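Asker: Pasting in a structure now, in structure tokens, and then I'll have a few things to ask.
Just so it is clear, none of the values below were taken in a lab; they were calculated from the coordinates. Keep in mind the model is a prediction, meaning the values are calculated, not measured.
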Amino acid sequence: MTYTADRLWKEVVYVAYYLHWPPGEILDLDHRARARVIGEIGGIHSEIGVPRR
């Protein structure tokens, strides 16, 4: 899978915003791990009723 720089940047910002992780740690995750973290954040949002944008 090829990522655009914009998509990768959005993922890094999303995780950094919600989990307060530094960008370097997020970029060190492989795609599968980063996707799982993003999915878990989305799942938490669903459970607590945060509306999707």
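Asker: Full-extension gain between R7 and D28, please, as 0.36 nm times their residue separation minus the C-alpha to C-alpha distance.
Answerer: Extra length from R7 to D28 when fully extended: 6.0 nm.
Asker: Using only the Cα atoms, what convex hull volume per residue in Å³ does the range 5-48 have?
Answerer: Normalising the Cα hull of the range 5-48 by residue number yields 63 Å³.
Asker: So what's the angle, to the nearest 10 degrees on a 0 to 90 scale, between helix 31-48 and the longest Cα principal axis of the chain?
Answerer: Helix 31-48 sits roughly 10 degrees off the main axis of the chain.
Asker: For every helix of n ≥ 4 consecutive DSSP H residues, a contribution of -39,500 (n - 2.57) applies; sum these over the chain, divide by its total residues, and give [θ] at 222 nm rounded to the nearest 500 deg cm²/dmol.
Answerer: Only helices count here, giving -23500 deg cm²/dmol.
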